[in-house]
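Enquirer: So that we are looking at the same thing, I have put the structure below in structure tokens.
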Amino acid sequence: MNSMNDGGSGDTLDTLVIGGGQAGLAMGHYLKRQGRKFLILDANPRVGDAWRQRWDTMRLFTPAKYDGLPGMRFPGDRLSFPTKDELADYLEAYAAAFDLPVRTGTRVEKLRREDGRYVAASDGRRWLAGNVVVATGSTQEPRVPDFAPDLSPSIVQLHSSQYRNPGQLGSGSVLVVGLGNSGAEIALEVSRTHHTVIAGKPGGELPVRHGRAAARFVLPLVRFAGLHVLTLDTPIGRKAAPNMLAHADPLIRTKSKDLAAAGVEIVPRVTGVRDGRPVVAGRSLDDVSNVIWCTGYRESFGWIEAPVFDGGGRPRQHRGVAADVPGLFFLGEEFMYCAASATLPGSCRDARYLAGKIPAAPSSVVAGPPA
């Protein structure tokens, strides 16, 4: 999808948005309302593909009433939990409804600051802009342990980003590594067709059953806390942030008791590989034929040439405004400002705030020749 224009290297840009997911589209909505000349670049072939590429049965944890972007409600039952494809189609429809200038199939390979302007390069083309919003999200590069290549070649290995359904798996037992929400949901699904073991320790659980009643009475409280209480501007939020970034989110829909009822064996974390087999608590799991790594993602900002990252590779910023690097902004990161920053409601709130912080770029900003 290349809406509005193809965003070619002849354009003059006030603001370049890198990433066309929910965060980038929300930012685009506010930039368009301000009358700015901007472009959204996205690496995927279609708007919404970051969601389409998740496993087949994935559903959102937030009800539809919280899943809309600014100016356009999410369609359907307000207390239902949309599928990942329904959300993907909504994002595509949103970009079309507001005629947002999205150029898909364009992965930015390098971003640097040059003569007071930002230069973004992709496949021999480049764009210059006074401001850049990095909205690539928190699921950039799949993370697996360093010892994963030591597993026997006979074991089918998939990261959760590659898993679609149990049909991808071979016969025999399945080891799911990581007891976060993705791991729990995938383990429950594959347990219907394979003997399943899940390794890890949950980071807590939502104390009520997830569903329509929770959407009506409990999730509004969770949403309020995630947006307004657990923020980097509150003492409790600053205290909670490091722990939330380092540990798995609480289990929301699929709980430990659901896994136990389905016959899923819960074991401690995987510590290494012995003779090609995963090792748990000092013993090899010799009967495992499939491993699904639900071990999360790492941030990948190596393509950004700017002195804005801390020792852990996270951008130094406050509420998305980069520290000491004018005109650079971040959106959609985990706990960027609050516990909900990477969610649909959090991305929309953060986008509205950032749109008010982006300065007007000089009219002399022009795009240069191919990189």
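Enquirer: So, in the range 299-322, how many residues would count as being touching a residue at least 12 places away in the same chain (Cβ under 8 Å) and more than 19 Å from PRO359 (Cβ to Cβ)? Break it down stepwise before answering.
Expert: Here is the first cut: in the range 299-322, the ones touching a residue at least 12 places away in the same chain (Cβ under 8 Å) are 299-301, 303-308, 313-315, 317-322.
Those left that are additionally more than 19 Å from PRO359 (Cβ to Cβ): 299-301, 303-305, 307, 313-314.
Total satisfying the criteria: 9.
Enquirer: Under 6 Å between Cβ atoms, at least 6 apart or on separate chains: pull out the pairs that start in the range 97-123 with a residue that is under 24 Å from PHE309 (Cα atoms) and end on any residue that is among the acidic types (Asp, Glu) and surrounded by fewer than 22 Cβ atoms within 10 Å (Cβ to Cβ).
Expert: ARG112/GLU305; ALA121/GLU109; SER122/GLU109
Enquirer: Report yes if ASP350 is outside the structural domain of ASP249 (by TED's automatic domain parsing) and either in a loop (DSSP other than H, G, I, E, B) or without any contact (Cβ under 8 Å) to a residue 24 or more places away in the chain (or both), otherwise no.
Expert: On the way: outside the structural domain of ASP249 (by TED's automatic domain parsing): yes; either in a loop (DSSP other than H, G, I, E, B) or without any contact (Cβ under 8 Å) to a residue 24 or more places away in the chain (or both): no.
No; evaluated as a whole, the condition is false for this residue.
Enquirer: Turning to a different aspect of this structure: Does the range 142-158 include one or more residues that are β-branched (Val, Ile, Thr), buried (at least 21 other Cβ atoms within 10 Å of the Cβ) and outside the structural domain of ALA64 (by TED's automatic domain parsing)?
Expert: As a first pass, look at the range 142-158 and keep what is β-branched (Val, Ile, Thr): 144, 155-156.
Of the ones still in play, those that are also buried (at least 21 other Cβ atoms within 10 Å of the Cβ) are none.
Looking through the range 142-158, none of the residues is β-branched (Val, Ile, Thr), buried (at least 21 other Cβ atoms within 10 Å of the Cβ) and outside the structural domain of ALA64 (by TED's automatic domain parsing).
Enquirer: So, one more: Is one or more of the residues making up the range 312-327 closer than 30 Å to GLN157 by Cα and loosely packed, with under 13 Cβ neighbours inside 10 Å? Steps first, please.
Expert: First, the residues of the range 312-327 that are closer than 30 Å to GLN157 by Cα: 312-314.
In the following step, the residues that additionally are loosely packed, with under 13 Cβ neighbours inside 10 Å were identified as 312-313.
Within the range 312-327 (the criterion being closer than 30 Å to GLN157 by Cα and loosely packed, with under 13 Cβ neighbours inside 10 Å), the answer is yes, since at least one residue qualifies.
Enquirer: Is there a residue being acidic (Asp, Glu), at pLDDT below 95 and more than 22 Å from the chain's Cα centre (by Cα) anywhere in the range 146-158? Don't jump to the end; show me each part of the working.
Expert: Step one: list which residues in the range 146-158 are acidic (Asp, Glu), which gives 146, 150.
Restricting the remaining residues to those that are at pLDDT below 95 gives none.
No, every residue in the range 146-158 fails to be acidic (Asp, Glu), at pLDDT below 95 and more than 22 Å from the chain's Cα centre (by Cα).
Enquirer: Filter the range 268-311 down to the residues that are touching a helix residue (DSSP H, G or I) at 6+ places or on another chain (Cβ under 9 Å), part of a loop (DSSP other than H, G, I, E, B) and surrounded by fewer than 17 Cβ atoms within 10 Å (Cβ to Cβ) and list them by number.
Expert: Matches in the range 268-311: GLY276 only.
The values are calculated or read from the model by the stated rules, or taken from the named source; none is laboratory data. Source: prediction; values computed, not measured. We place every Cβ from the backbone using ideal geometry, glycine too, and count neighbours over all the protein chains shown.
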